[in-house]
Amino acid sequence: MSTEQESNMEMINAESFTSVEEDNHDLEITIDSKDYHSLSIEELSQELNPFQTEEQVIAGRNQIEAIRKAFLDSFNEAITALDSENEEDVAQKDLLYSKKSAFDKVYSEIKSIQKKHYKEVENSLKKNLEERLDIIEELKNLIKPENHTNNKFNAFHALSERWKNAGSIPKDKYNHVWNNYRFHVENFFDYIHLDKEARDLEFKHNYDKKVALLNRLEDLLQEKDIRQSLADIRLIQKVWREDIGPVERIKREELWARFDALNEKVIEKRKELKTLLSADEKQNAEQKQAIITQIQELTQNVKNSVEYWNKQSEKLNELKENFIKIGRAPKEVSDQLWGSFRSALKHFNEQKNTYFKSLREEQNKNIEKKKALVAQAKALESSEDWATATETVKKIQAEWKKIGHIPAKFSNALWNEFKTACDHYFDRLHAVKNATNEQEVQAFEQKTILLKSLDKTKLSGEPKEDLATIQALIQQWNQIGRVPFVQKGIQEEFNKAIDGLYGKIKMDKKELELLQFKSTIERIVANGDTRKLNEEEIFISKKINEIKAEINQLENNILFLNSGKKANPFLETVRKSIDTQKDVLDKWKEKLKIIRSSRISQ
């Protein structure tokens, strides 16, 4: 084989090495790259945080770009799903833009680090290229006849060491420079005759090293973990090219032929692995497409109702989670699948938003209808045309029930206005009816006398005796019976007077408060005021829930404060607040028991 033929073989194999390395690198990325589309916007922002140093930024450049693409996809999807006419959605949009701004700032800092690094790399590659070209020139000079270096092998080894440490050069120059270097290395060994024994020894060492690499390569091809094998094979290729010199001429073709055969097997192994991965990816693509179809079907045969869209939204969330859990699809269809997925989500959200927009319009009409009924009720609350007004109030109450749903933040306020106006009218109506009740008039006169006598009531100073005295007065009052409706204010005067007497008793404040409350409930029951009793129970139940919520919040605060490494000066204050609120809660629970006991005794 001629020197030119051998050099051509070197060049062909050099190119095949590069091809295998690059293909394997792509395969490794396909296997190891994280599916960032499965992460939330907040999690994607966190994924950028580890990339702080130049080394981290450059090593993770592919991950960084994948994170950015996934972030933009998720951001655009989230923005599209929000309704610009909904206050809560508008606030959510502002929050999303704020998060994007923070993400862009970190990404911009990373790009600045990359730009600086690539500029430094460019300068380094140019410098290394110059160094390698200088080494080649020195190697060429070493084999010139006029060069009378005494120990050319020592000089050659020094140049070889410099070559190993010279660093990377521009990719487009690599094969040309490397082949040039190998050509002159071979010339050195082929034409140097000053020390045949040393040359032959060098050839033997190189031959043994290359045979060992070939044996190792054969072993790697038998490994089950082809992915790890490919990584080791790339290392063998690098050592073969960069670290081991030539062998004697008669053995070169033998080694290259053996290596070529093994290299073909490596490529076949890689194709086998890629085929297996492609099959899995193809199945993933089919599963993802099936989910996209299911999402599209969610907006077919639509039944517009809040319940319908809520159920469809639950199904959508489940389908989204399943889509994200599925592994990678083939690269050539991955972007198309994500595009179809986002389009299906966008269409669903547009349909849903259209419905809720029309629903809000309908609710606004219902709000106006209820406001009109509130105005009518208020206009009638002072009317004295009892027959006509009573009929009208009953009519508008019936109309109120027929009006459709409105948001809770309006519903309660409007209902309270409407109910208050209607109650006021009927209270006046009842007052007129009660005014004619002679028995109630007599009861009023008796209660007036009893009320005046309370000013002269003296207490003994002994709690038990004084409580008995007050209870006797309350019992006497209740036995007198009902007063005319228009005179019902006398009950409040009596309550104040009784509370005044209770206030003079020297006993535990909490116990006294509960006794007063029990007395109040007994008077309400005695008057048959069921509405008042209901209102008291509702008020106390709400109060209990509010205190429980506050205690839960304080206990959560303690968990937060305890999580710090240093002592928190507010911790004791929070604990005292919890104890105080628990005491208050016990008091309200006792009051609720009093009310419920009064119902049982009725």
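The values are calculated or read from the model by the stated rules, or taken from the named source; none is laboratory data. Since the model is a prediction, treat every value here as computed from it, not as a measurement. Note that each Cβ is placed from the backbone with ideal geometry, even for glycine, and that neighbours are counted across all protein chains shown. What goes into the accessible areas is simple: the full protein's heavy atoms, side chains included, and nothing from ligands, DNA or RNA. Shrake-Rupley method; radii C 1.70, N 1.55, O 1.52, S 1.80 Å.
Taking the stretch 364-381 as the range and being among the basic types (K, R), touching a Leu at 6+ places or on another chain (Cβ under 9 Å) and buried (at least 16 other Cβ atoms within 10 Å of the Cβ) as the test, only K370 passes. Residues that are among the hydroxyl-bearing types (S, T, Y) and closer than 16 Å to Q294 by Cα were ranked within the stretch 320-363; the one that is surrounded by the fewest Cβ atoms within 10 Å (Cβ to Cβ) is S343. Please find, within the stretch 461-475, the residue that is farthest from K518 (Cα to Cα) out of those that are in a helix (DSSP H, G or I) and open to solvent by 90 Å² or more (accessible area, probe 1.4 Å). Here the answer is E465. Among the residues of the stretch 526-556, those that are within 30 Å of the chain's Cα centre (by Cα) and open to solvent by 40 Å² or more (accessible area, probe 1.4 Å) comprise N545, E546, K548, A549, E550, N552, Q553, E555, N556. The set of residues in the stretch 291-309 that are closer than 30 Å to G404 by Cβ and either surrounded by 11 or more Cβ atoms within 10 Å (Cβ to Cβ) or of a type in the set (D, E, K, R) (or both) comprises E297, L298, T299, V302, K303, N304, S305, V306, E307, Y308, W309. Of all the numbered requirements in (1) open to solvent by 30 Å² or more (accessible area, probe 1.4 Å); (2) at pLDDT below 80; (3) under 58 Å from the mean Cα position of the chain (by Cα); (4) closer than 26 Å to K433 by Cα, L559 misses one, and that requirement is (4).
Go through the residues of the stretch 19-29 one by one and say whether even a single one is modelled with pLDDT of 80 or more, open to solvent by 70 Å² or more (accessible area, probe 1.4 Å) and not hydrophobic (A, V, I, L, M, F, W, C). No, every residue in the stretch 19-29 fails to be modelled with pLDDT of 80 or more, open to solvent by 70 Å² or more (accessible area, probe 1.4 Å) and not hydrophobic (A, V, I, L, M, F, W, C). Contact map, the stretch 68-81: residues that are assigned to a helix (DSSP H, G or I) paired with residues that are hydroxyl-bearing (S, T, Y), Cβ distance under 7 Å, separation 6+ or inter-chain. Pairs shown: R68/Y107; A70/Y36. Would it be correct to say that A261 is closer than 30 Å to R182 by Cα, part of a helix (DSSP H, G or I) and among the small types (G, A, S)? Criteria met by A261.
In a helix (DSSP H, G or I), over 13 Å from the mean Cα position of the chain (by Cα) and under 18 Å from S112 (Cβ atoms): does that describe E55? Yes, satisfied.
On inspection, S74 does not qualify as hydroxyl-bearing (S, T, Y) and open to solvent by 40 Å² or more (accessible area, probe 1.4 Å). Is it the case that the stretch 117-132 has a residue that's closer than 30 Å to K173 by Cα, at pLDDT below 85 and either of a type in the set (G, A, S) or surrounded by 16 or more Cβ atoms within 10 Å (Cβ to Cβ) (or both)? No, the stretch 117-132 contains no residue that is closer than 30 Å to K173 by Cα, at pLDDT below 85 and either of a type in the set (G, A, S) or surrounded by 16 or more Cβ atoms within 10 Å (Cβ to Cβ) (or both). No other residue among N49, N62 is in contact (Cβ under 8 Å) with a residue 40 or more places away in the chain and surrounded by fewer than 13 Cβ atoms within 10 Å (Cβ to Cβ) apart from N49.
Kindly establish whether Q491 is over 25 Å from E535 (Cβ atoms), in contact with a helix residue (DSSP H, G or I) (Cβ under 8 Å, 6 or more places away or on another chain), of a type outside the set (A, V, I, L, M, F, W, C) and modelled with pLDDT of 80 or more. Judged against the criteria, Q491 is not a match. Within the stretch 382-414, the set of residues being among the hydroxyl-bearing types (S, T, Y) and surrounded by 11 or more Cβ atoms within 10 Å (Cβ to Cβ) comprises S382, S383, T390, T392, S411. Need the failing condition index for K458 against (1) outside any helix (DSSP H, G or I); (2) in contact (Cβ under 8 Å) with a residue 40 or more places away in the chain, just the number. Among (1) outside any helix (DSSP H, G or I); (2) in contact (Cβ under 8 Å) with a residue 40 or more places away in the chain, the lone unmet condition for K458 is (2). In the set K542, K496, K509, K532, only one residue is under 19 Å from T448 (Cα atoms) and without any contact (Cβ under 8 Å) to a residue 40 or more places away in the chain; that residue is K496.
To keep it simple, each residue is scored yes or no on (1) free of Cβ contacts under 8 Å to residues at least 12 places away in the same chain; (2) under 28 Å from N165 (Cα atoms); (3) open to solvent by less than 50 Å² (accessible area, probe 1.4 Å).
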residue: L201; (1), (2), (3): yes, yes, no
residue: K210; (1), (2), (3): no, yes, yes
residue: K224; (1), (2), (3): yes, no, no
residue: L235; (1), (2), (3): yes, yes, no
residue: W256; (1), (2), (3): no, yes, yes
residue: E268; (1), (2), (3): yes, no, no
residue: K274; (1), (2), (3): no, no, no
residue: Q289; (1), (2), (3): no, no, no
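Here the stretch 415-455 is the region considered, the condition is being among the aromatic types (F, W, Y) and open to solvent by less than 40 Å² (accessible area, probe 1.4 Å), and the residue that is farthest from I367 (Cα to Cα) is Y425.
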